[in-house]
Amino acid sequence: MALLTRAPAKTRISVEEFMEIASRPEYADCLVELVEGEIVTMPTVKSVHAEVEAALIILLGGYIRQKRLGRIYSGDAGFVVERDPEGRDTVRGLDIAFVSLAKAPEPLPNTWLEIAPDLAIEIMSPSNTAADIRLKVRQLLRAGCAQVWVVYPSLREVDAHSADGIRVYNEGDSLSAPDILP
């Protein structure tokens, strides 16, 4: 007679536990996120991803600074997008994020931000899966992010996600978000 055994329950960790773990020396050269209470190690970005990110930072950053609209973050800046009483806390690293002056903390804390950005931008890389990106988009929108742009360098298109749905922009289209970046 075969006995059925249950897999042990996964141990989930909080934002505070993650902060302590992520600061350990073994994580010094890693990109890590906390996804629903579990640590996920991310690969470092490749050259195409880095170049697209840099170009967007230059374009958006210049506009945001000139208009004094808020703060722009890059390099997988950490945002706490969910604190869950059942231990499914989530801290996401974003390729690029914009936070309006009205929401930007002063002074800037030397930790993850506990606010939803107004705009989050993710650049697809070969290491990303569609399921992972969809989950991240859903989490960001649920947390209060107004728009999430997913950039597909190989397709030369951007999917702009909002509470109203998705709009696809192709090369040559004018991508705008007047409610966020007037």
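Where a number appears in this text, it was derived from the coordinates with a stated rule and is not lab data. Since this is a predicted model, take the numbers as computed values, not measurements. Here the Cβ is made from the backbone with ideal geometry for all residues, glycine too, and neighbour counts use every protein chain on show.
Using only Cα atoms, tell me the angle between helix 47-67 and the longest principal axis of the chain; keep it within 0 to 90° and round to the nearest 10.
Taking Cα atoms only, the helix is inclined about 50 degrees.
Against the longest principal axis of the chain, how steep is helix 130-143, in degrees 0 to 90 to the nearest 10, with axes from Cα atoms?
Approximately 80 degrees, to the nearest 10.
Could you give the length gained on full extension between Arg83 and Asp179, defined as 0.36 nm per residue of separation minus the Cα-Cα distance, in nm?
Length gained between Arg83 and Asp179: 31.8 nm.
Can you tell me the dipole magnitude for the stretch 44-170 around its Cα centre, using point charges on the Cβ only (Lys, Arg +1; Asp, Glu -1), in Debye to the nearest 20?
The dipole magnitude comes to about 300 debye.
Counting other Cβ atoms within 10 Å, which GluC sites (Glu not before Pro) in the stretch 120-182 have at most 10 and lie in a DSSP loop?
Loop-located and lightly packed - Glu171.
GNM on the chain, C-alpha springs below 10 Å: top fluctuator among Gly37, Gly62, Gly75?
Evaluated over the chain, the most mobile residue of the options is Gly62.
Only Cα pairs under 8 Å and at least 6 apart count here; give the relative contact order of the stretch 33-110 as a rounded whole percent.
Once normalised by length, the contact order is 34 percent.
At a 10 Å Cβ-Cβ cut-off, how would you order Leu94, Leu141, Leu113, fewest neighbours first?
Lowest to highest Cβ neighbour count: Leu141, Leu113, Leu94.
Residues of the stretch 144-182 with backbone nitrogen within less than 18 Å of a virtual label 7 Å along the Cα-to-Cβ line of Lys46, please, listed as ranges.
151-157
Please give the contour-minus-distance gain from Ile21 to Ser127: 0.36 nm per residue of separation, less the Cα-Cα distance, rounded to one decimal in nm.
Result: 35.8 nm gained on full extension.
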